[in-house]
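Quick notes on the structure that follows.
The values are calculated or read from the model by the stated rules, or taken from the named source; none is laboratory data. Computed from a prediction, not measured in an experiment: that's the story for all the values here. FYI the Cβ positions are ideal-geometry reconstructions off the backbone, even for glycines, and counts take in every protein chain you see. Heads up: the accessible areas ignore ligands, DNA and RNA and are worked out on the full protein's heavy atoms, side chains in. Shrake-Rupley method; radii C 1.70, N 1.55, O 1.52, S 1.80 Å.
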Amino acid sequence: MTELWRLGLGQAAQGLAKRQFTATDLVSASLERIRLSEPRLGACLAVLGQEALDRARDLDREGHDPSRPLWGLPVSVKDVFCLKGAPTTAGSRILEDYRPSFEATVVRRLRAAGAVIVAKTNCDEFAMGSSTEFSAFGPTRNPWDPGRVPGGSSGGAAASVAGFQVPAGLGTDTGGSIRQPAALCGCLGLKPTYGRVSRYGIVAYGSSFDQAGPLARRVDDLGLVLAAIAGPDGLDSTASGRPVGDYANVAEARPGELTLGLPDELWAADFDPLVLGVLERARRELAGAGVRFKAVPMPNLRFSVATYYILAAAEASTNLARYDGVRYGHRSGGDPGLLALYRDSRTEGLGQEVRRRIMLGTFVLSSGYYEAYFRKAAQVRRLIQEDYRKALEGCDFLLAPVSSIPAWPFGSFTDDPLTAYQLDMMTLPLNLVGAPGLSMPAGLGGGLPVGLQLMGRAFDEAGLLSAAKALERILPPLGDPPGL
Amino acid sequence: MGIDETTARAVAGLARLELAGTGEGDVRALVEEFSRIVGYMDILAEADTEGVEPLYSPMVDPEPPRPDEPALDGRKAEDILGQAPERVGRFFSVPRVF
């Protein structure tokens, strides 16, 4: 029998249905992989070993339930999802001792579908970062090269999936935090349409951008997870009531019937030659299979980094005002006085990058600068959304790179935040627009994974998955990370 | 625009943060970096937004608010109060303000 930890989500579900192995076997195999690989990867902030085993045994005792599509399947969730009674730090010291008294809607839905949560994965503090180096609890390492970052902010989730700890993980994507680490680690990641998935119980960063979604090693597995977590929620009025598609059973698109728009501004970036080589080869392979391409101008994308960082920072400064040392989280024992309590608790509990973004957000919202920065950025956001709509006229999806460089060595940009922000330019537009997109491996360049990104129309996740299945068949599989 | 230390300190005050680094000379470096980031944002001045309605949320179809009824999810006041770093009986505790 194949080693159980190698199985994808759908494959494992079939094995469980055929009684080839038990949920306990599968969860044990995942926990053993975590035990063996964690010293190298550092993907997990908490491993819920006993709880996961207990749950798997309960499931086995109850017997296989075909009405629960994730029955007995081990998954990881990023440490921004509230799990009742379990650590939920969001990668921050300020939440080190926090134990939520409630569960995120997506966690509740994963469990209702039969999934077993085995670990909470590492991330940049409050999901602010693109390398997982800004986690207060240490970095996660890239499965392909432990001297390099896994991307971020869902870097732990990507490493846990690409490193075969779990067949799927849940992340969040505010400016690329699912798609970029998936690309840098060599797995797939889906950011659903804003409003497709409930945000209830997710530690908030930028509330008009945040969206939860799956990371996995197969397109089909993304669909399995999305089908389980999508849909309206009485606890989040931004979660849409539109019918949930049959994401777990989409037909593969025919390459000859696909026209993909190539946004000029993203393909004209200053690429690392190794990345460019992989991207060009992938485009040739897709064209060879019959996919048609169409160059599409999106002139306002040159403003997307400034637009995103103004708006997301503004939302972050508002959302993170709740961390005041009073109701939960770290409380400073320093100077007396209420204002000093706020100031010292926040300064001690929050990391440098988070404080930087709160400062930026506070500045752009402050009297005298609101119009020139915050309102202006919201207007440019509208222009970018209009560019996106026009770009999709006459094509089915947009195709773009995910990152202009492969996974980078630790410390490359930690002292240069502005350059780090600019590296996000490929992934930010989708969040500004609120549309769905996914990243998938395009090949290896210099031994490191390079990703491609498909972007679609709002609420057309089914179409996106269908096209991705066609691309998955054409593009070369990456194989295993070395040292697996 | 550039940001000087006075402005940066005022912003930090509004954000309830100390403008602090880890060592000597850090404050100046923080201010310079903050100034550089804000300076980059000025690129937006080049965008023609005359008459453009701001887009604050990409939400397509907001759901109506749920009925105004207490949540019956079994949570008790103690679940919330139990998270407080300091409390007095049934209350969150803060330093005296007068």
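Note on A:Arg284/B:Asp48: beta-carbon distance plugged into 1/(1 + (r/R0)^6) with R0 of 35 Å gives a FRET efficiency of 0.40. Element breakdown for chain A at a 1.4 angstrom probe: carbon and sulfur atoms account for 51% of the accessible area. Think of a 1.4 Å ball rolled over the protein heavy atoms: chain B then has 69 Å² of accessible area per residue. Of B:Ala84, B:Ala45, B:Ala15, which has the largest mean-square fluctuation in a 10 Å C-alpha GNM of chain B? It is B:Ala84. Using C-alpha pairs below 8 Å separated by at least 6 residues, the relative contact order for the range A:242-318 is 43 percent.
Summarising the strand pairing of the protein assembly as shown, around 70 percent of its internal DSSP beta bridges are antiparallel.
So, with a 1.4 angstrom probe, what is the percent of accessible area on the range B:5-46 that is carbon and sulfur? Answer for the range B:5-46: carbon and sulfur cover 49 percent of the accessible area.
Rounded to whole numbers, the Karplus 3J(HN,Hα) couplings from phi for the range A:139-144 are x, 9, 9, 6, x, 7 Hz, using 6.51 cos²θ - 1.76 cosθ + 1.60 with θ = phi - 60°, and x at Gly and Pro. The modelled label-to-label distance for the pair A:Arg242/A:Arg389, using points 7 Å beyond Cα in the direction of Cβ, is 1.4 nm.
Across the range B:42-47, computed HN-Hα scalar couplings (Karplus, 6.51 cos²θ - 1.76 cosθ + 1.60, θ = phi - 60°) run 5, 4, 5, 4, 7, 7 Hz from first to last residue, x flagging Gly and Pro.
Put +1 on the Cβ of each Lys and Arg and -1 on the Cβ of each Asp and Glu in the range B:5-46; which of B:Ile37, B:Leu17, B:Thr7 then has its Cα farthest toward the positive end of the dipole? Selected residue: B:Leu17. Of the Cα atoms belonging to the range B:5-46, the radius of gyration and Dmax stand at 11.7, 38 Å. Straight-distance candidates among the aspartates and glutamates for linking to A:Lys376, with alpha-carbon spacing under 14 Å and chain neighbours fewer than 8 residues away dropped: B:Asp42, B:Glu46, B:Asp48, B:Glu50, B:Glu53. Shape class of the range A:249-393 from the alpha-carbon gyration tensor: prolate, with a/c at 1.5 or above and a/b greater than b/c. Please work out whether the range A:87-209 counts as rounded, prolate or oblate from its C-alpha gyration tensor, where a ≥ b ≥ c are the square roots of the eigenvalues and a/c under 1.5 means rounded, while otherwise a/b larger than b/c means prolate and anything else oblate? Note, shape of the range A:87-209 comes out rounded. The angle separating the long axis of helix B:26-41 from the principal Cα axis of greatest extent in chain B is about 80 degrees. The helix-only estimate of mean residue ellipticity at 222 nm for chain A, built from DSSP H runs of length n ≥ 4 each weighted as -39500 (n - 2.57), is -11500 deg cm²/dmol after division by the residue total.
Shielding of peptide A:377-387 by partners, expressed as the average count of other chain Cβ atoms within 10 Å per residue Cβ, is 5. In the range A:297-317, burial by the other protein chains removes 50 Å² or more of 1.4 Å probe accessible surface, compared with the chain on its own, from A:Arg302, A:Phe303, A:Ala306. With R₀ set to 51 Å, the beta-carbon distance separating A:Leu274 from B:Arg96 gives a calculated FRET efficiency near 0.25. Quick one: grab the alpha carbon gyration tensor of chain B, order the square roots of its eigenvalues as a ≥ b ≥ c, and give me rounded if a/c is under 1.5, else prolate or oblate depending on whether a/b is larger than b/c. Because a/c hits 1.5 or more and a/b fails to exceed b/c, chain B counts as oblate. Using the Karplus relation 6.51 cos²θ - 1.76 cosθ + 1.60 with θ = phi - 60°, the per-residue 3J(HN,Hα) values for the range A:340-347 come to 5, 4, 4, 4, 6, 4, 6, 5 Hz, with x marking Gly and Pro.
Within chain B, what is the longest stretch that has no trypsin sites (Lys or Arg not before Pro) placed in a DSSP loop and near at most 15 other beta-carbon atoms within 10 Å? Result for the longest clean stretch: B:1-74. Using a Gaussian network model on chain B with a 10 Å cutoff between Cα atoms, which of B:Asp61, B:Asp73, B:Asp48 fluctuates the most? So, out of B:Asp61, B:Asp73, B:Asp48, the one fluctuating most is B:Asp73. Chains A and B together bury roughly 5600 Å² of accessible area, counting both sides, with a 1.4 Å probe on protein heavy atoms only. Measuring against 18 Å, Cα to Cα, the residue pairs A:Lys78/A:Lys191; A:Lys78/B:Lys76; A:Lys84/B:Lys76; A:Lys191/A:Lys390; A:Lys294/A:Lys390 contain A:Lys78/B:Lys76; A:Lys191/A:Lys390 as the ones spanning a longer distance. Rolling a 1.4 Å probe across the protein heavy atoms gives chain A an accessible surface of 32 Å² per residue.
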